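The values are calculated or read from the model by the stated rules, or taken from the named source; none is laboratory data. Small disclaimer: the values here were computed from a predicted structure and weren't measured. Note: ideal-geometry Cβ built from the backbone for every residue, glycine included; neighbour counts use all protein chains shown. Accessible surface areas use protein heavy atoms only, side chains included; no ligands, DNA or RNA. Shrake-Rupley method; radii C 1.70, N 1.55, O 1.52, S 1.80 Å.
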Amino acid sequence: MTDKVQSLAMARSVAACDNTLISPPECLEEAAREIRSGERACTSVFVLTLDAGLDGDEFGVGYYASNLKASQMLAMLEVMKARVLTSMGHIAAPEQ
């Protein structure tokens, strides 16, 4: 049996284009569900974490990685940096 049921929180978050509507555990559970079901193919995983603290002035950053070299982690960061900047309208989307 395949698990195709998306969490309600994730569905709301996607529909509203607002990732603050889903908790970190719910986000990770949805990612794991998609990987397990084959909906998202991947050979490696790189998870970044941020603890902004209570006042937001101090924060800690950490990560989890599976089946990645340091150079691949850096490449993933650069690709995602460009995608985020594009989605924010700071750089033009590449021509297809």
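Looking at the range 5-20, is at least one residue over 23 Å from residue 77 (Cα atoms), modelled with pLDDT of 90 or more and basic (Lys, Arg)?
no
Among the residues of the range 21-37, are any part of a loop (DSSP other than H, G, I, E, B), of a type outside the set (D, E, K, R) and open to solvent by less than 70 Å² (accessible area, probe 1.4 Å)?
First, pick out the residues of the range 21-37 that are part of a loop (DSSP other than H, G, I, E, B): 22-23.
When the remaining residues are screened for being of a type outside the set (D, E, K, R), the result is 22-23.
Keeping just the survivors that are open to solvent by less than 70 Å² (accessible area, probe 1.4 Å) gives 22-23.
Yes - at least one qualifying residue is present in the range 21-37.
If I ask for residues that are open to solvent by less than 100 Å² (accessible area, probe 1.4 Å), part of a loop (DSSP other than H, G, I, E, B) and of a type in the set (A, V, I, L, M), which ones from the range 39-96 would you list?
Selection gives 41, 52, 68, 91, 92, 93.
Does any residue in the range 20-33 that is without any contact (Cβ under 8 Å) to a residue 60 or more places away in the chain come within less than 6 Å, Cβ to Cβ, of a residue that is open to solvent by 90 Å² or more (accessible area, probe 1.4 Å) six or more places away or on a different chain, and which pairs are these?
That search, which allows pairs on different chains as well, returns 21/12.
If only one of 65, 70, 52 is under 15 Å from the mean Cα position of the chain (by Cα) and of a type in the set (Gly, Ala, Ser), which one is it? Write out each step before concluding.
Details: 70 fails: under 15 Å from the mean Cα position of the chain (by Cα); 52 fails: under 15 Å from the mean Cα position of the chain (by Cα).
Matching residue, one of 65, 70, 52: 65.
List the residue pairs whose Cβ atoms are under 7 Å apart, where the first residue sits in the range 42-63 and is under 18 Å from residue 25 (Cβ atoms) and of a type outside the set (Gly, Ala, Ser), the second is open to solvent by 100 Å² or more (accessible area, probe 1.4 Å) and in a loop (DSSP other than H, G, I, E, B), and the two are 6 or more positions apart or on different chains.
The qualifying pairs are 50/59; 51/59.
Just name the residue that is modelled with the lowest pLDDT out of those in the range 37-71 that are touching a strand residue (DSSP E or B) at 6+ places or on another chain (Cβ under 9 Å) and at positive phi.
If we take residues in the range 37-71 being touching a strand residue (DSSP E or B) at 6+ places or on another chain (Cβ under 9 Å) and at positive phi, then 53 is modelled with the lowest pLDDT.
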